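Taking it in order: structure first as structure tokens, then the write-up.
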Amino acid sequence: MSNQSVSRRGFVGAAGAALSTVALNPHAALAQGIPVRPGGPRFWAEDDAYDALAKISFNENPYGPSAKALEAMNYAFKYSMRYGYPDGGVTQAIADHHGVPRNHLMLGAGSGEILEVVGLTYLGDGKKVIGVEPSYGQVYSHASGIDADAILLPLEDDSRQNIQRMVDATNRHYRDVGFVYLCNPNNPTGRTVTAAEIEYLLDNIPDDVPVLIDEAYHHFVRDPDYEASLKYAIEGRRVVIARTFSKIYGMAAIRIGFAIAPPEMISEMRVYSTGSVNVLAKWGAVASMEDTDAYDFVRRTTLRLRDQTLADLAGLGYECIPSETNFFMLDCRTPVAPIRRAFRERGVAVGRDFPPMLNHLRVSIGTEEEMGRFMNAFDDIRGSTVMNGSRG
Ligand SMILES: Cc1ncc(COP(=O)(O)O)c(C=O)c1O
């Protein structure tokens, strides 16, 4: 437990000298990795508890924004009080980076906003969304929040999405389908749909059915049969690609994502967009895309730690679903709810339940130190009554 519960007193003591020199310069503090706490002691206890956790539950990037993004965001603070301000050329920068015309883009406060805008745009008049379960549940919960239904298809035994079943369901319910949701790679399983399967899907459903392809984790994929689907949106298919700066670029709490879609779909959706992307997010996003060293570091380190953790778990006799993302699902062979609580008691936050896969624990790839804490906790828990009914 020693490195799991860094006491505030100990931490401040160690960092005291450095703090005094940077106390009036938060950016210098950030650059040195020293947290500067604004506003006095009110929230220290909660913050300390949160900070001490190994946070491997939400598929976040534990390294945060790149140094260049932090610098750009720090610069952009000078526009904080404005409505109209230079935005760093964010739309053009995203367009150039992805090789798409500007009129194919719409920004969102995270790709979560894009997913909801697609729901608001295409689920009126009793229309339904079709997708697999489990997948990124926000799409389905948002649909139910706006009184729309979802047609949920099961995954295959190997946790892959069955594209033929998706085609059949779309054709069978054609008149009622608002859009098809395809998360690729899928959250929570981490599995991909291949380029050939996407082509098959689009070739075998009616042209006018919108398809939302959520590529939040696309930067982590190694599978040679996978391909990003931007080209379909550029060609004019009724396809919306949702992307985010929350994952590989580490800006989850800053909130910026975007849609790539044919211009007429962008016009249909724009009515429902809040236009609430903030100035820091815009400048940070532009700098993130330029910082290829940070991108390479996050990708390389995440994949290395994922491979290592899966090998360590296999060594203990536990299987995981092969993942193409910054998370994986561990088959615990017993319901994971008590296991999750046992992890939490050991200072490790892991993923929630994903019905119907109630024996699978979703684990995000944190830092090396966090993954070490995860393995230590798992080793401890697997010998306890929580996992096998009798203390090992
Ligand atoms: C598959 C998927 N799509 C979209 C999102 C939303 O991300 P954000 O709103 O931070 O861009 C997430 C977040 O975890 C996700 O897992």
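Numerical summary
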| item | result |
| --- | --- |
| The range 62-99: number of residues that are closer than 18 Å to residue 258 by Cα and either at pLDDT below 95 or not small (Gly, Ala, Ser) (or both) | 9 |
| In the range 61-87, residue surrounded by the most Cβ atoms within 10 Å (Cβ to Cβ) [restricted to those that are touching an Asp or Glu at 6+ places or on another chain (Cβ under 8 Å) and closer than 14 Å to residue 246 by Cα] | 69 |
| Selection status of residue 193, crowded, with 23+ Cβ neighbours inside 10 Å, away from the ligand (no atom under 12 Å from the Cβ) and assigned to a loop (DSSP other than H, G, I, E, B) | yes |
| Some residue of the range 109-121 being away from the ligand (no atom under 13 Å from the Cβ), touching a strand residue (DSSP E or B) at 6+ places or on another chain (Cβ under 6 Å) and outside any loop (DSSP other than H, G, I, E, B) | no |
| Residue match in the range 328-336 (condition: in contact with a strand residue (DSSP E or B) (Cβ under 9 Å, 6 or more places away or on another chain), β-branched (Val, Ile, Thr) and under 18 Å from residue 185 (Cβ atoms)) | no |
| Unique residue being over 23 Å from residue 77 (Cα atoms), out of contact with any Lys or Arg (no Cβ under 7 Å at 6 or more places or on another chain) and either modelled with pLDDT of 95 or more or not assigned by TED's automatic domain parsing to the domain that holds residue 205 (or both) when the list is 288, 267 | 267 |
| Selection from the range 270-279 of residues that are within 14 Å of the ligand (Cβ to nearest atom), modelled with pLDDT of 95 or more and surrounded by fewer than 19 Cβ atoms within 10 Å (Cβ to Cβ) | 278 |
| Among the candidates 118, 180, 100, residue that is β-branched (Val, Ile, Thr) and over 29 Å from residue 284 (Cα atoms) | 180 |
| Qualifying residue in the range 207-217 (condition: outside the structural domain of residue 365 (by TED's automatic domain parsing), among the small types (Gly, Ala, Ser) and out of contact with any Cys (no Cβ under 8 Å at 6 or more places or on another chain)) | no |
| Test result for residue 246, within 24 Å of residue 286 (Cβ to Cβ) and polar (S, T, N, Q) | yes |
| Output for the range 214-259, where each listed residue is of a type in the set (Gly, Ala, Ser), within 16 Å of the ligand (Cβ to nearest atom) and either on the phi < 0 side of the Ramachandran plot or in contact with a Ser or Thr (Cβ under 6 Å, 6 or more places away or on another chain) (or both) | 216, 228, 229, 242, 246, 252, 253, 257, 259 |
| Index of the failed condition, residue 292 passing every other in (1) out of contact with any strand residue (DSSP E or B) (no Cβ under 8 Å at 6 or more places or on another chain); (2) more than 16 Å from the ligand (Cβ to nearest atom); (3) in contact (Cβ under 8 Å) with a residue 60 or more places away in the chain | (3) |
| Residue in the range 167-189 that is more than 22 Å from residue 261 (Cβ to Cβ), within 13 Å of the ligand (Cβ to nearest atom), surrounded by fewer than 22 Cβ atoms within 10 Å (Cβ to Cβ) and under 19 Å from the mean Cα position of the chain (by Cα) present | no |
| Complete set of residues in the range 161-194 that are among the basic types (Lys, Arg) and touching a residue at least 12 places away in the same chain (Cβ under 8 Å) | 165, 191 |
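The rows are residues; the columns are (1) over 19 Å from residue 327 (Cβ atoms); (2) touching a strand residue (DSSP E or B) at 6+ places or on another chain (Cβ under 9 Å).
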site	(1), (2)
98	yes, yes
101	yes, no
123	yes, yes
127	yes, yes
133	no, yes
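The values are calculated or read from the model by the stated rules, or taken from the named source; none is laboratory data. Note that the coordinates shown come from a computational prediction; the quantities given were computed from them, not determined experimentally. Please note: Cβ atoms are built from the backbone with ideal geometry, for glycine as well, and neighbour counts cover all protein chains shown.
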